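Trainee: Mind looking over this structure? Questions follow.
The values are calculated or read from the model by the stated rules, or taken from the named source; none is laboratory data. These figures come from a predicted structure and were not determined experimentally. Quick reminder, even Gly has a Cβ in these numbers, built from the backbone with ideal geometry, and neighbours come from all protein chains shown.
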Amino acid sequence: MPRVLASLSGLILLVLSCALFTPSTTVAQEAANVTQQCVDCHSKITPNIVSDWKASRHSEVNVGCEACHGTNHTTAADAAKAKIPTPDTCGQCHETQVAQFKKGKHSMAWAAMEAMPTIHWQPLAMTEGMKGCGSCHKIGLKSPDELAKLQAEERFGTASCDSCHTRHTFSVKEAQSPQACETCHMGFDHPQWEMYSSSKHGVRNELKQIGVNPASSAAPTCQTCHMANGDHEVQTAWGFLAVRLPLPQDKQWAADRATILQALGVLDPAGNPTGRLAVVKAANVARLDQESWQAQRDKMLKTCNQCHSANFAKQQLDYGDDMIRNADHLMAQAIRTVADLYKDGLLPKPKNYANAFPDLLTFHDAPTVIEQKLFVMFLEHRMRTFQGTFHASPDYALWYGWSEMQRDLTEINELAAEIRRTGRAAPAVNVKPVVPSPTSSSGPSAPK
């Protein structure tokens, strides 16, 4: 009997040993060991990265460095072997959020930037260097070739999720705060932060954050309206540029919008679709049918209805639509004024233009002073007119938007009259970037 018991005890110990030292346990232990090696080294080299990670949810659930950066980098000499994450890296665990993100406008930000006709004229630091437009547009997805190029030349900027969930805390709470949107949604062409933070929505949220208003008080954030229920798709009815199809039934508004679409290069001067329309479709930056526009509008009305009556919410959004209609009328008048200068041969067609017609997407690279004024009217003042209305910011809607558009139109008419009087337009000063020398990495070459 003792021999039987001894044999049984040995069998039990063997089973327990197998259970305790399964392959998954071994892998987890190995991962923990790798992470500890990273922590030991980087606590001396980049200590704040380590402290951020230690404060993160990733650390709590044992998602270590190797989960995102791989295991090929083990010493300072092979740091280049560390993987730089992409959205697909995050998608291994956050599949739903990444799938939503890939359907939304943020995912198309890089493609939208690359589609601008004069993007290659900008200094590299402004684009791939992430110091200008690239700094915010890096949130967008990149093709395999673009990822390879960035990895080879810039090394960084391949991630997207860390635009809102900043590394290495990757905090959900941070990304749910309106301040997370401030870095990109501010300034010249999209000052949503300034509009929101000075609106009653933003003021109530600030008072709630600092404890003046109770935690239970209603205080909508950017995420409340644009990421309802944590949806990472982030779409709006009017899109970034407040243009859409089909054209409205109002004949004047339809004509005005068609003129704007021509100046955006989506339609040619004869009103026919161009290759840029395919880019707009691919980038999903505008709603191109009534159904998709209405779906986004209904979502927003449902969100507004949490605090406001349905008829009040509809009225406010209708006011936004009306301001787009009025802004479009001013904008179209200015575009036609400049287009007539091309038509009459007073403005020569630039070599980089598809047609003898103003191109709003050349931005500050427009070839004449009058066209640069037209660009400012469109991308700064028209944007502020309708964005200010939708974001409940009266000063931006009126004084920084609508009032400035009227002044722009007056100035453009005066500049056009001067061009017709003198027979020539004042050229803009187009500054091409200083190109780094191909034979040296120590600095830029001399201007040519």
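Trainee: Any residue in the stretch 288-305 that is assigned to a loop (DSSP other than H, G, I, E, B), at negative phi and modelled with pLDDT of 95 or more?
Mentor: yes
Trainee: While we're here: How many residues does the stretch 195-207 hold that are within 16 Å of Ala180 (Cβ to Cβ) and surrounded by fewer than 22 Cβ atoms within 10 Å (Cβ to Cβ)?
Mentor: Residues that pass the stated criteria total 2.
Trainee: Is there a residue being part of a loop (DSSP other than H, G, I, E, B) and touching a helix residue (DSSP H, G or I) at 6+ places or on another chain (Cβ under 7 Å) anywhere in the stretch 275-284?
Mentor: Yes, there is a match, as at least one residue in the stretch 275-284 is part of a loop (DSSP other than H, G, I, E, B) and touching a helix residue (DSSP H, G or I) at 6+ places or on another chain (Cβ under 7 Å).
Trainee: Could you identify the single residue in Leu330, Leu347 that is closer than 20 Å to Val266 by Cβ, assigned by TED's automatic domain parsing to the domain that holds Val266 and of a type in the set (A, V, I, L, M)?
Mentor: Leu330
Trainee: Does Phe188 fit the bill of being surrounded by fewer than 17 Cβ atoms within 10 Å (Cβ to Cβ), under 30 Å from Lys208 (Cα atoms), touching a residue at least 12 places away in the same chain (Cβ under 8 Å) and of a type outside the set (D, E, K, R)?
Mentor: yes
For (1) aromatic (Phe, Trp, Tyr); (2) touching an Asp or Glu at 6+ places or on another chain (Cβ under 7 Å); (3) under 28 Å from Ala148 (Cβ atoms); (4) surrounded by 11 or more Cβ atoms within 10 Å (Cβ to Cβ), each residue gets a yes or a no:
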| position | (1), (2), (3), (4) |
| --- | --- |
| His42 | no, no, yes, yes |
| Ile45 | no, no, yes, no |
| Val50 | no, no, no, yes |
| His58 | no, no, yes, yes |
| Gly64 | no, no, yes, yes |
| Thr75 | no, no, yes, no |
| Asp78 | no, no, yes, no |
| Ala82 | no, no, yes, yes |
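Trainee: Within the stretch 115-165, work out how many residues are under 23 Å from Thr183 (Cα atoms), of a type in the set (Val, Ile, Thr) and in contact (Cβ under 8 Å) with a residue 24 or more places away in the chain.
Mentor: 2
Trainee: In the stretch 129-181, which residue that is polar (S, T, N, Q) and touching a Phe, Trp or Tyr at 6+ places or on another chain (Cβ under 8 Å) is surrounded by the most Cβ atoms within 10 Å (Cβ to Cβ)?
Mentor: Here the answer is Ser160.
Trainee: Tell me which of these Lys251 doesn't satisfy, since it passes every other one: (1) more than 24 Å from the chain's Cα centre (by Cα); (2) buried (at least 19 other Cβ atoms within 10 Å of the Cβ).
Mentor: All conditions pass for Lys251, except number (2).
Trainee: Follow-up question, since we're still on this one. Go through Gly320, Gly271, Gly230, Gly265 for me and flag whichever is under 26 Å from the mean Cα position of the chain (by Cα) and surrounded by fewer than 14 Cβ atoms within 10 Å (Cβ to Cβ).
Mentor: Gly230
Trainee: Okay, moving on. Return the residue satisfying two criteria in turn: it lies in the stretch 406-448 and is modelled with pLDDT of 70 or more and of a type in the set (S, T, N, Q), and of such residues it is nearest to Gly132 (Cα to Cα).
Mentor: That would be Gln406.
Trainee: Within the stretch 172-224, work out how many residues are under 21 Å from the mean Cα position of the chain (by Cα), within 19 Å of Gln306 (Cβ to Cβ) and among the hydrophobic types (A, V, I, L, M, F, W, C).
Mentor: 1
Trainee: Can you give me the ranges of the helices (runs of 4 or more DSSP H) entirely in the stretch 90-160 with at least 2 residues that are touching an Asp or Glu at 6+ places or on another chain (Cβ under 8 Å) and modelled with pLDDT under 90?
Mentor: Of the helices (runs of 4 or more DSSP H) lying wholly inside the stretch 90-160, those with at least 2 residues that are touching an Asp or Glu at 6+ places or on another chain (Cβ under 8 Å) and modelled with pLDDT under 90 span 144-153.
Trainee: Which of the following residues is under 26 Å from the mean Cα position of the chain (by Cα) and part of a helix (DSSP H, G or I): Gln387, Gln315?
Mentor: Gln387
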